[in-house]
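Participant: Sharing a structure here in structure tokens format.
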Amino acid sequence: MASWILDFPTIKILEELQSIPGICPWTAQYIALRARGSVDVFLSVDRVTRRARLELLCTDKEKEILDYADAWRPWRGYAGMHLWHYVSSLK
């Protein structure tokens, strides 16, 4: 792994990753969460997270879920994993 991904603040990593052609916000957030262990990264654009917010919060507005997710800081990444687990249990 490139050493810069470990040395910079998460926001800088997200910016740097998204400056690479083909890297979208979801990919950058997922890399920060999984490869770097940035536990406060919340994948708000994730389709599974979107389904969970529709099921649990009855909203599809990203701003609303981000406002709600602020209460989960600094563990929003773990909250997202719980949302993924919740959605997988619906199948």
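Participant: Any idea which residue in the range 2-58 is nearest to ARG73 (Cα to Cα), counting only those that are assigned to a loop (DSSP other than H, G, I, E, B) and of a type in the set (Ser, Thr, Tyr)? First the steps, then the outcome.
Facilitator: Step one: of the range 2-58, the residues assigned to a loop (DSSP other than H, G, I, E, B) are 2-3, 8-9, 19-24, 35-46, 58.
In the following step, the residues that additionally are of a type in the set (Ser, Thr, Tyr) were identified as 3, 19, 38, 44.
Details: SER3: 26, SER19: 26, SER38: 12, SER44: 14 Å.
Ranking the candidates gives SER38 first.
Participant: Answer yes or no as to whether LEU54 is surrounded by fewer than 15 Cβ atoms within 10 Å (Cβ to Cβ) and not charged (D, E, K, R). Step through it out loud before you land on a result.
Facilitator: Details: surrounded by fewer than 15 Cβ atoms within 10 Å (Cβ to Cβ): yes; not charged (D, E, K, R): yes.
So LEU54 passes the test.
Participant: Condition first: over 17 Å from THR10 (Cα atoms) and at pLDDT 90 or above. Now tell me which residues in the range 21-46 satisfy that.
Facilitator: PRO21, GLY22
Participant: Looking at (1) surrounded by fewer than 14 Cβ atoms within 10 Å (Cβ to Cβ); (2) basic (Lys, Arg); (3) touching a residue at least 12 places away in the same chain (Cβ under 8 Å), which one does ARG34 not meet, given that it meets all the others?
Facilitator: Result: ARG34 fails condition (3) only.
Participant: Within the set of pairs 6 or more residues apart or between chains, which connect a residue that is β-branched (Val, Ile, Thr) inside the range 50-75 to a residue that is assigned to a helix (DSSP H, G or I) with Cβ atoms less than 7 Å apart?
Facilitator: THR59/ARG53; THR59/ILE65; ILE65/ARG53; ILE65/LEU57
Participant: Follow-up question, since we're still on this one. Look through the range 60-79, keep the residues that are at pLDDT 85 or above and part of a loop (DSSP other than H, G, I, E, B), and return whichever of them is farthest from GLY37 (Cα to Cα).
Facilitator: Taking the candidates together, the pick is ARG73.
Participant: What are the residues in the range 57-91 that are of a type in the set (Val, Ile, Thr) and surrounded by 15 or more Cβ atoms within 10 Å (Cβ to Cβ), if any? Don't jump to the end; show me each part of the working.
Facilitator: The first filter runs over the range 57-91 and keeps only residues of a type in the set (Val, Ile, Thr), leaving 59, 65, 87.
Scanning the range 57-91 gives ILE65, VAL87.
Participant: Going through the range 47-91 one residue at a time, which ones are closer than 28 Å to PRO9 by Cα and of a type in the set (Asp, Glu)?
Facilitator: Hits for the range 47-91 are GLU62, GLU64, ASP67, ASP70.
The values are calculated or read from the model by the stated rules, or taken from the named source; none is laboratory data. Owing to the predicted nature of the structure, the values given are computational and were not obtained by experimental measurement. Neighbour counts are summed over all protein chains in view; Cβ atoms, including those assigned to glycine, are modelled from backbone coordinates with ideal geometry.
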